[in-house]
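The values are calculated or read from the model by the stated rules, or taken from the named source; none is laboratory data. Predicted, not measured: the structure shown is a model, and the values here were computed from it. Methodologically, a virtual Cβ is constructed for each residue, glycine included, from the backbone with ideal geometry; neighbour enumeration extends over all protein chains shown.
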Amino acid sequence: MLLPAKWFTNPFIFIFLFLSLFFTDLSFADTLPGTLPHHNDLLKRINEMEQIKHKNKPPRTKHLDANGKPKFTNRLALESSPYLLQHAHNPVNWYPWGDETFDTAKRLDRPILLSIGYSTCHWCHVMEEESFEDIEIATYLNEHYIAVKVDREERPDIDAIYMKAVMALQGSGGWPMTVFLTWDKKPFYGGTYFPARDGDRGASPGFLTVLKQINKVYQKDREAVKNAGSQITAILQKTSKNYEDDTLPTKDLIPKSIVSYKKGFDWENGGMIGQNKFPSSLPLELLMRHYQTSKDDQVLDMINLTLGKMLTGGIHDHVGGGFHRYTTDKIWLTPHYEKMLYDNALLSIAYTQAYQLTGNEQYRQTSQKTLNYLLKEMQSPEGGFYSATDADSLTFSGEREEGYFFTWTIKEIDNLLDEKTSKIVKLYYGLKDKKNQRQILYISGQQDLITQKFAITPQELEIIITNANQTLYKKRLSRSLPGLDDKILLSWNSLVISALAKAGFAFNEKKYIDAAIQTQAFIVKNLWYDNKLFHSFKDDKRGHPGFLDDYAFLTAAYIDLYEATFDIEWLLKAINIDDLIAQKFEDKTHGGFFMTPLGQNDLIAKEKPGNDGAIPSGNAIAAVNLSRLYLYTDEKSYQHRAQKTLKYFSGPLLESPAYMSGILPAIELLAGPVKEIVIITPQGKKHEAKAFLDILRKKFVTGQIIIVTQEGKEYDAVSKVLAQVRDRKAINGMVTAYPCEEKICRLPVTDPGKLIF
């Protein structure tokens, strides 16, 4: 086919034809508003990835063509993060974090909009729907900014740096995080959620106005922007302290922190005082450790009130098990319905330890129900655990609604259950007579009334509720499921290993220990390569190299596996991973550990996190690990490194120990007293240690280590690592326990009933 000659003489047509050789729309998506079409190679890669990843998934956008296909697709379609993929069909020309992004910003002389969130973040979804799906806002962004999306769970290092910047700018932070950067990654302005336009949700200014104002300043007063960026960056880089302060924090910081928690405690509802309730705001393990040594009944009341309110409240998924992220009220009733892997791992540990401390059967049941939920709904077929489920799900009519999956109407309950059971369930779960209103299930505390009214025993009531929950669970599965964030994170999976191992030992449940071992095998297979760990796993690919949390939490998990199985292999693995921490993360000059490996310098600052958040800091867990390894091995190097870490953080610890509760157990373990129980069995009879372990597993004891081994080759291998077993034997061919405290030992015991600890 010959082209008309005028096409070649008309310069505009010729330029268009020439550009079309390089920018060709592959028919599956419109050009993003305010941009040129993507380069042909990029379009081809996006198209191929779309066909592989999203063939059976409905697009998460309102911008659809007549065939129901998304009109827009951006670079995020090439990513594996579930959060980034949620934004792959926004009309915004999103870039992932990377060199191309910042090179482009420099070349085009544009400011960078950095948006950080996570896949189950409700207000991230709100800002997406209001702003990032808005054509006018997307067009302005695409014309004047380089827009960057980051999944905070995949890149906690980026999140930590820029959250610190937002906190410095605004005094508070949260997600979605919205930060404005220069091309060299320096932040000069930031905030969190912005409504789309002035006056929306009663707030002013709106996001579009902010974009215009920031761009105006960037173009007209570049010097002010550079100065602001340099000043904030200097704050972020100020990680030094008075290193001449050689103070080693002492155990008196623990009661000092307890006083702080007592002052802020909600004595009516449990947890800390506030309009929202977060389980992580109160360090339950620290309280239990303190009660175990102090016998302060007020502390025990804090523990029981908080755990009791959580397990009966709406934050607890009574039908399916597990806990939601937090509640939007102060009575633990109305949850924000996302479920996070780390919350459930940590809460399982808390309920397991509380059961050991108090013997309260409800705590055991709650821990087991939480773990069973994780095993049933959050574990991949290969053994790793997914990250989270969303707060939102689709209603019967196809609209997205927060909490729809977890709530019920009276009509639904009546239709599913027989009349008597329905009446019992409605009373038990506090459901009001509101026919079409969706309601939250919570234990109303009317058990005595129910048993009297229906002439049933408490045991019969428990059976009725269990059976009803199974019916509701089956019905719930027919609904549209909340979105699943199916990336697998090493640090969070390590928390699950710890939870499973602790529960397996405390409840003598082999299935939990087997699951913990299966998960660590998944980690070794998929997140360990070339003598280093990786942070995430998704779509059969390893993600970013591991952070401090990944190494520290896995070390803790291996120690917990040893304490559940008494297989020296796990303690050796913990020692090996800790050696890598020393090589890759440790500040050998000043003490403490960096969040990122020593050789990684691609960010504007290097974090050394100390304060706890929803999970304990990497430095806290690393210090506790060193203290535990010191107790087992008596190697002074572990003691010295733990002490050096504590000295590094002595300033903030002395000022506000409550903000660093995760590291306080390290102080306690190093200060003592330390209790040791070494159990030696005849060769081939290690299982006979069970009679002793059945006594020990029922107690929550701080500063205690238990070693179990059998005579023969295993004894020889263990004695090379653990000096405590040397020169000890099974007396007269009987299982023998050697109890010691602070290196002073009592007579060996062969009768479990005579074991004092």
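Of the conditions (1) more than 26 Å from I577 (Cβ to Cβ); (2) in contact (Cβ under 8 Å) with a residue 60 or more places away in the chain; (3) in a helix (DSSP H, G or I), K699 clears all except one; give me its number.
For K699, the failing item is (3).
Table: residues versus (1) farther than 23 Å from L490 by Cβ; (2) at pLDDT 95 or above; (3) buried (at least 18 other Cβ atoms within 10 Å of the Cβ).
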| position | (1), (2), (3) |
| --- | --- |
| D109 | yes, yes, no |
| Y118 | no, yes, yes |
| H125 | yes, no, yes |
| L141 | yes, yes, yes |
| V148 | yes, yes, yes |
| E154 | no, yes, yes |
| D159 | no, yes, yes |
| V166 | yes, yes, yes |
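Please go through the range 720-757 and give me each residue that is touching a residue at least 12 places away in the same chain (Cβ under 8 Å), exposed (fewer than 11 other Cβ atoms within 10 Å of the Cβ) and aliphatic (A, V, I, L, M), ordered by number.
I756
Across the range 343-391, what is the number of residues that are surrounded by 19 or more Cβ atoms within 10 Å (Cβ to Cβ), touching a strand residue (DSSP E or B) at 6+ places or on another chain (Cβ under 8 Å) and over 22 Å from L286 (Cβ atoms)?
Counting residues in the range 343-391 that are surrounded by 19 or more Cβ atoms within 10 Å (Cβ to Cβ), touching a strand residue (DSSP E or B) at 6+ places or on another chain (Cβ under 8 Å) and over 22 Å from L286 (Cβ atoms) gives 11.
Is it the case that D343 is of a type in the set (D, E, K, R), more than 22 Å from the chain's Cα centre (by Cα) and assigned by TED's automatic domain parsing to the domain that holds F385?
So D343 fails the test.
Going by what's in this entry, would L653 be described as modelled with pLDDT under 95, surrounded by 21 or more Cβ atoms within 10 Å (Cβ to Cβ) and out of contact with any His (no Cβ under 6 Å at 6 or more places or on another chain)?
yes
Considering only residues that are of a type in the set (D, E) and at pLDDT 95 or above, which ones fall in the range 692-739?
D694, E711, E714, D716 - these are the residues of the range 692-739 that are of a type in the set (D, E) and at pLDDT 95 or above.
Among the residues of the range 701-719, write down those that are over 16 Å from Q353 (Cα atoms), under 37 Å from the mean Cα position of the chain (by Cα) and either buried (at least 20 other Cβ atoms within 10 Å of the Cβ) or not assigned by TED's automatic domain parsing to the domain that holds K690 (or both).
Residues satisfying the conditions are I706, I707, V708, T709, V718.
Based on this model, can you work out whether A689 counts as touching a residue at least 24 places away in the same chain (Cβ under 8 Å) and not in a strand (DSSP E or B)?
yes
Answer yes or no as to whether K685 is more than 28 Å from I731 (Cα to Cα), at pLDDT 95 or above and either over 27 Å from the mean Cα position of the chain (by Cα) or not assigned by TED's automatic domain parsing to the domain that holds W570 (or both).
no
For the range 263-278, which positions are surrounded by 15 or more Cβ atoms within 10 Å (Cβ to Cβ) and out of contact with any Ser or Thr (no Cβ under 8 Å at 6 or more places or on another chain)?
F265, D266, N269, F278
I need the full set of residues from the range 669-690 which are touching a strand residue (DSSP E or B) at 6+ places or on another chain (Cβ under 6 Å) and surrounded by 17 or more Cβ atoms within 10 Å (Cβ to Cβ), in order please.
K675, E676, I677, V678, I679, I680, T681, K686, A689
Of the residues in the range 627-650, how many are crowded, with 22+ Cβ neighbours inside 10 Å, out of contact with any Leu (no Cβ under 9 Å at 6 or more places or on another chain) and assigned to a helix (DSSP H, G or I)?
Within the range 627-650, residues that are crowded, with 22+ Cβ neighbours inside 10 Å, out of contact with any Leu (no Cβ under 9 Å at 6 or more places or on another chain) and assigned to a helix (DSSP H, G or I) number 1.
From the list P335, P249, pick out the single residue that is of a type outside the set (K, R), within 30 Å of H640 (Cα to Cα) and crowded, with 22+ Cβ neighbours inside 10 Å.
None of the other options fit; the residue is P249.
Which condition breaks for L85 when tested against (1) within 21 Å of the chain's Cα centre (by Cα); (2) closer than 21 Å to Q219 by Cα?
If we test L85 against (1) within 21 Å of the chain's Cα centre (by Cα); (2) closer than 21 Å to Q219 by Cα, just (2) comes out false.
How about the range 71-95: which of its residues are in a loop (DSSP other than H, G, I, E, B) and either charged (D, E, K, R) or without any contact (Cβ under 8 Å) to a residue 12 or more places away in the chain (or both)?
Correct list: K71, E79.
Restricting to the range 321-332, name every residue that is surrounded by fewer than 19 Cβ atoms within 10 Å (Cβ to Cβ) and either under 20 Å from the mean Cα position of the chain (by Cα) or in a helix (DSSP H, G or I) (or both).
Answer for the range 321-332, where residues must be surrounded by fewer than 19 Cβ atoms within 10 Å (Cβ to Cβ) and either under 20 Å from the mean Cα position of the chain (by Cα) or in a helix (DSSP H, G or I) (or both): just T328.
In the range 372-394, is there at least one residue being hydroxyl-bearing (S, T, Y) and within 27 Å of W267 (Cβ to Cβ)?
no
Could you grab me the full set of residues in the range 688-712 that are in contact with a Leu (Cβ under 9 Å, 6 or more places away or on another chain) and within 18 Å of I731 (Cβ to Cβ)?
F692, I707, V708, T709
Whether any residue in the range 306-320 is buried (at least 18 other Cβ atoms within 10 Å of the Cβ), small (G, A, S) and farther than 18 Å from D266 by Cβ is what I want to check.
Yes, some residue in the range 306-320 is buried (at least 18 other Cβ atoms within 10 Å of the Cβ), small (G, A, S) and farther than 18 Å from D266 by Cβ.
Here are D159, D134, D99: which of them is in contact with a strand residue (DSSP E or B) (Cβ under 6 Å, 6 or more places away or on another chain) and of a type outside the set (V, I, T)?
Answer to the selection: D159.
Return the only residue of G117, G98 being free of Cβ contacts under 8 Å to residues at least 24 places away in the same chain and either within 20 Å of Y162 (Cα to Cα) or over 27 Å from the mean Cα position of the chain (by Cα) (or both).
Checking each option against the conditions leaves just G98.
I'd like to check something: does the range 480-503 contain any residue that is free of Cβ contacts under 8 Å to residues at least 60 places away in the same chain and within 25 Å of Y337 (Cβ to Cβ)?
No, every residue in the range 480-503 fails to be free of Cβ contacts under 8 Å to residues at least 60 places away in the same chain and within 25 Å of Y337 (Cβ to Cβ).
What do you reckon, is E676 closer than 24 Å to L286 by Cβ and either in contact with a Cys (Cβ under 9 Å, 6 or more places away or on another chain) or at pLDDT 95 or above (or both)?
yes
Would you confirm whether or not the range 545-562 contains a residue that is surrounded by fewer than 21 Cβ atoms within 10 Å (Cβ to Cβ) and in a helix (DSSP H, G or I)?
no
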